[in-house]
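Asker: The structure is given below, and queries will be raised subsequently.
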Amino acid sequence: MQEKPNRCGYVAIVGAPNAGKSTLLNRVIGTKLAIVTPKAQTTRNRMLGITQRDEVQMVFIDTPGIFRATEKFEKAMVDSALSGARDADLLLVVVDAMRGLTHPLEDVLVRLRGVSAPKFLLLNKVDKADKQALLALTKTLCDAMEFERVFMISARTGDGVDDVLEKVAQAMPVGPWLFPDDQLTDLSERFIAAEVTRERLFMQLQQEIPYQITVETEAWEERKDGSVKIQQVIYVTSEAHKKIVIGHRGEMLKQIGEKARQQLERQQGRRVHLFLFVKVVEDWKQKREFFQALGLDY
Ligand SMILES: Nc1nc2c(ncn2[C@@H]2O[C@H](COP(=O)(O)OP(=O)(O)O)[C@@H](O)[C@H]2O)c(=O)[nH]1
Ligand SMILES: [Mg+2]
């Protein structure tokens, strides 16, 4: 590894909520790491996904969406996205081509104006977007911001993503690899396991409730028979939410646990015993320890 002229760099994936950033991260590292939901603002912190191509190591940073935040917690999410962008050697600005130029996207452009790293524009969701509208959108965006390159991709189908990877690899600076070549992420297994449950909560619960929830893995026990016992706490902000998460006779929690366990077993490739507990901490979104658990600045 040492003799070759190695290259390595950070690539931040940025954009408005719901543009498809996490889908893209999963696609480039070839496994499901980041959670993907039809709802906005599901990614809460920076997540690294590491991949290699020839002598080049690319460290992708999936970021929370950039949007106009008012709450302290949401502001910390946006700050995390912007600092991810500032630390990067290259930015991939992901745009939902189905939506076109919306206010959220205009906000993104404004916030990214001060970031000096070179930028690639990725028009995503071309599997669904109208081709005519794509050209007009591309022109508008290129007038608004300088992009080194423009790509039309579908993060969902993988269309065009290989071409992006090739050009990203060429843009990486010379330097030693920062991670071993078998490392996929800097996130702990515990964190990823908590994200699996959080994704289920997003899929299963209505509207606002999942935004008021955070999940922590409290215990992780390797068993002699090769299985693993995982214990997690679902933090909610009120007794009313707790009731909803647990459901009538515990049905909701049972369903969530069942689906999350299946996903964890696929990821782990072994049997998983998942134990979920629901706790009310009214103001977890204000508490330092919860910010820290997510790697956000308080
Ligand atoms: N049709 C289509 N949908 C996509 C594509 N990429 C992402 N999505 C969907 O867009 C939604 C938001 O995706 P996600 O990756 O969570 O967006 P993020 O908020 O930017 O991380 C999800 O429902 C994805 O399945 C794509 O290329 N085509
Ligand atoms: Mg995301």
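Asker: Here are some residues: GLY114, GLY49. Which one is surrounded by 21 or more Cβ atoms within 10 Å (Cβ to Cβ), touching a helix residue (DSSP H, G or I) at 6+ places or on another chain (Cβ under 9 Å) and not assigned by TED's automatic domain parsing to the domain that holds GLN267?
Answerer: From the options GLY114, GLY49, the qualifying one is GLY49.
Asker: For segment 169-190, enumerate the residues that are in a loop (DSSP other than H, G, I, E, B), touching a Lys or Arg at 6+ places or on another chain (Cβ under 9 Å) and small (Gly, Ala, Ser).
Answerer: GLY175
Asker: While we're looking at this one, here's another question. What are the residues in segment 230-253 that are loosely packed, with under 13 Cβ neighbours inside 10 Å and farther than 16 Å from TRP284 by Cα, if any?
Answerer: The answer is HIS248, ARG249, GLY250, GLU251.
Asker: Just to be sure I understand the filter: pairs with C-beta atoms under 9 Å, separated by 6 or more residues or on different chains, first member in segment 84-97 and under 22 Å from GLY295 (Cα atoms) and in the same structural domain as GLY114 (by TED's automatic domain parsing), second member in a loop (DSSP other than H, G, I, E, B) and polar (S, T, N, Q). Which pairs pass?
Answerer: Qualifying pairs under 9 Å: GLY84/THR63; ALA85/THR63; ARG86/SER116.
Asker: Across segment 1-51, what is the total count of residues that are more than 19 Å from VAL108 (Cβ to Cβ) and polar (S, T, N, Q)?
Answerer: 6
Asker: Here's another thing I want to ask about it. Within segment 202-224, can one find any residue that is within 23 Å of ALA40 (Cα to Cα), acidic (Asp, Glu) and modelled with pLDDT of 95 or more?
Answerer: Yes - at least one qualifying residue is present in segment 202-224.
Asker: Just name the residue that is nearest to ligand 2 (Cβ to nearest atom) out of those in segment 19-36 that are under 22 Å from GLN207 (Cα atoms) and within 10 Å of the chain's Cα centre (by Cα).
Answerer: Taking the candidates together, the pick is SER22.
Asker: Which one of ASP159, ASP186 is of a type in the set (Asp, Glu) and within 16 Å of ligand 1 (Cβ to nearest atom)?
Answerer: Among ASP159, ASP186, only ASP159 is of a type in the set (Asp, Glu) and within 16 Å of ligand 1 (Cβ to nearest atom).
Asker: Moving to a separate point now. When the residues of segment 43-58 are filtered to those that are of a type in the set (D, E, K, R) and more than 13 Å from the chain's Cα centre (by Cα), which remaining residue is farthest from ligand 1 (Cβ to nearest atom)?
Answerer: My answer is GLU55.
Asker: Return yes when GLU71 is within 24 Å of MET203 (Cβ to Cβ) and either surrounded by fewer than 23 Cβ atoms within 10 Å (Cβ to Cβ) or among the aromatic types (Phe, Trp, Tyr) (or both) and no when it is not. Explain how you work it out, then say what you get.
Answerer: Numbers: within 24 Å of MET203 (Cβ to Cβ): yes; either surrounded by fewer than 23 Cβ atoms within 10 Å (Cβ to Cβ) or among the aromatic types (Phe, Trp, Tyr) (or both): yes.
Against the criterion (within 24 Å of MET203 (Cβ to Cβ) and either surrounded by fewer than 23 Cβ atoms within 10 Å (Cβ to Cβ) or among the aromatic types (Phe, Trp, Tyr) (or both)), GLU71 qualifies.
Asker: A further question on this structure: Can you spot a residue in segment 52-60 that is buried (at least 23 other Cβ atoms within 10 Å of the Cβ), at negative phi, within 14 Å of ligand 2 (Cβ to nearest atom) and not polar (S, T, N, Q)?
Answerer: Within segment 52-60, one or more residues are buried (at least 23 other Cβ atoms within 10 Å of the Cβ), at negative phi, within 14 Å of ligand 2 (Cβ to nearest atom) and not polar (S, T, N, Q).
Asker: Hey, any hits in segment 20-35 for a residue that's over 26 Å from ALA293 (Cβ atoms), within 7 Å of ligand 1 (Cβ to nearest atom), surrounded by 20 or more Cβ atoms within 10 Å (Cβ to Cβ) and in contact (Cβ under 8 Å) with a residue 12 or more places away in the chain?
Answerer: Within segment 20-35, one or more residues are over 26 Å from ALA293 (Cβ atoms), within 7 Å of ligand 1 (Cβ to nearest atom), surrounded by 20 or more Cβ atoms within 10 Å (Cβ to Cβ) and in contact (Cβ under 8 Å) with a residue 12 or more places away in the chain.
Asker: Among the numbered criteria (1) away from ligand 2 (no atom under 14 Å from the Cβ); (2) touching a residue at least 40 places away in the same chain (Cβ under 8 Å); (3) acidic (Asp, Glu), which single criterion is violated by GLU106?
Answerer: (2)
The values are calculated or read from the model by the stated rules, or taken from the named source; none is laboratory data. Since we're looking at a predicted model, the values are computed, not measured. So basically every Cβ, Gly included, is an ideal-geometry build from the backbone, and we count neighbours across all protein chains shown.
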